[in-house]
Amino acid sequence: MGDVISIRVPPEIKHDNWSEEIREFIKRKIKEYKKRKALQEVIAYIQALPEAPRGTAQKLVREDRGNH
């Protein structure tokens, strides 16, 4: 089971199912956080890769086209 969080809601905006709406909001925020963190890790990994020498992509494409 998880932690319990209590909040006060003014009577004029009282809603029967605030707990479910808040629960879904928190779930969405957690998913966003995990996606953002994964993206940052991928970017850091890519930035740590060594650079390919200039012209490598052209060379590989030409080789690939020549093999067909």
Selection count where residues are assigned to a loop (DSSP other than H, G, I, E, B) and modelled with pLDDT of 95 or more, scope segment 9-46 | 0
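Which residues, taken from segment 18-68, are over 30 Å from ASP3 (Cβ atoms) and hydroxyl-bearing (Ser, Thr, Tyr)? First the steps, then the outcome.
Going through segment 18-68, the residues over 30 Å from ASP3 (Cβ atoms) turn out to be 42-68.
Across segment 18-68, the qualifying residues are TYR45, THR56.
The values are calculated or read from the model by the stated rules, or taken from the named source; none is laboratory data. The structure presented is a predicted model; accordingly, all values stated were derived computationally and were not measured. Don't worry about glycine lacking a Cβ; one is built from the backbone with ideal geometry, like all the others, and counts go over all protein chains shown.
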